[in-house]
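The values are calculated or read from the model by the stated rules, or taken from the named source; none is laboratory data. These numbers were taken from a predicted model, which means no experiment stands behind them. All Cβ positions, even for glycine, are placed from backbone atoms using ideal geometry, and neighbour counts span all protein chains on display.
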Amino acid sequence: MHPLVLYLEKTYVSPYAMSVYVALKEKEIDFTIHTIDLEKEENRQDFYIAVCPTEKIPCLELATGEFLFESMAITEFLEDYYNDSNRCHLYPKNIIDKAKCRSVQSLVKSDFLTIKKEMPSTTVFGIDKPNFKHSDELEREIQKLIRVAQSTIQHEWLTEVWSIADFDLAFMLNRLAKNGIPLDQKLSDYIEKNWSLSSVQSWLTLQKTAH
């Protein structure tokens with residue numbers, strides 16, 4: 001069987017692509033990477049549209065030739081399809097814990113638009129320096145994100161075990177940390193624990209090489 005193909009942008013700065021990459025690595029699934037140059041609009045060219053008609057990145061091409069897009073849909077597929085007991089689980093087995101993780105994951109992927117605009121992922125990776133504009137909306141989102149994190153993180157993780165939602169939340173919190181927003185020890189440690197994962201470090205190596 002041919003390995004999966006993960007299509008992502010060539011600069012390796014997308015948190016959505018990074019989430020899928022981390023999921024694949026944690027699951028120990030064989031895959032190859034195909035980078036797309038968004039500046040050249042390669043995602044709108046015929047060769048990529050033939051793979052992913054939505055033009056979206058990341059995209060996961062399956063061995064069957066089918067494709068999946070939207071990072072959360074991809075990670076849910078990986079959890080359901082590669083469900084061997086010896087593989088890392090991306091979501092908890094307990095249905096309440098699973099719903100909690102998915103709700104947090106959905107929130108950080110779809111909300112906090114002002115934070116994402118003013119504190120882009122390039123600041124997380126050290127490519128750009130912090131240069132955000134203070135506003136009431138930004139402050140509201142910062143306080144909301146901190147409040148959500150404080151109320152949902154238990155001891156180490158969102159639940160008793162790590163999930164891909166932990167990474168997604170940690171990435172969002174790291175936007176604050178890298179832009180000089182003070183975080184308490186609990187949230188700082190949470191970011192560090194996620195960032196120390198070998199899968200995350202593997203992505204960071206690729207990201208540095210790309211620049």
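Considering only residues that are within 20 Å of Lys27 (Cβ to Cβ) and surrounded by 14 or more Cβ atoms within 10 Å (Cβ to Cβ), which ones fall in the stretch 87-103? Those that are within 20 Å of Lys27 (Cβ to Cβ) and surrounded by 14 or more Cβ atoms within 10 Å (Cβ to Cβ): Arg87, Cys88, His89, Leu90, Tyr91, Pro92, Asp97, Lys98, Cys101, Arg102. Within the stretch 149-167, being out of contact with any Leu (no Cβ under 9 Å at 6 or more places or on another chain), surrounded by 16 or more Cβ atoms within 10 Å (Cβ to Cβ) and closer than 14 Å to Ile191 by Cβ holds for one residue alone: Trp157.
Highlighted here are the helices (runs of 4 or more DSSP H) found entirely within the stretch 149-211 that include at least 2 residues which are outside the structural domain of Ser121 (by the TED database) and of a type in the set (A, V, I, L, M): 198-210.
Let's see how each residue does on (1) in contact (Cβ under 8 Å) with a residue 12 or more places away in the chain; (2) farther than 27 Å from Leu204 by Cα; (3) hydroxyl-bearing (Ser, Thr, Tyr):
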position	(1), (2), (3)
Tyr7	yes, no, yes
Leu38	yes, no, no
Cys52	yes, no, no
Cys59	yes, no, no
Leu62	yes, no, no
Gly65	no, yes, no
Glu70	yes, no, no
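Taking the stretch 184-211, which residues are crowded, with 18+ Cβ neighbours inside 10 Å and over 19 Å from Val13 (Cα atoms)? Of everything in the stretch 184-211, those that are crowded, with 18+ Cβ neighbours inside 10 Å and over 19 Å from Val13 (Cα atoms) turn out to be Leu187, Tyr190. For the stretch 118-165, a residue qualifies if it is of a type in the set (D, E, K, R) and either touching a residue at least 60 places away in the same chain (Cβ under 8 Å) or within 14 Å of Lys178 (Cα to Cα) (or both), and the qualifying residues are Glu118, Asp128, Lys129, Glu160.
Restricting attention to the stretch 99-112, the residues that are touching a residue at least 12 places away in the same chain (Cβ under 8 Å) and in a helix (DSSP H, G or I) add up to 9. Does Phe67 satisfy the criteria of being surrounded by fewer than 20 Cβ atoms within 10 Å (Cβ to Cβ) and either touching a strand residue (DSSP E or B) at 6+ places or on another chain (Cβ under 7 Å) or under 21 Å from Leu145 (Cβ atoms) (or both)? Yes; evaluated as a whole, the condition is true for this residue.
Condition check for Lys93 on (1) closer than 16 Å to Arg175 by Cα; (2) part of a loop (DSSP other than H, G, I, E, B); (3) of a type in the set (Lys, Arg): one failure, at (1). Of the residues making up the stretch 169-211, those that are more than 16 Å from the chain's Cα centre (by Cα) and among the small types (Gly, Ala, Ser) are Ala177, Gly180, Ser188, Ala210.
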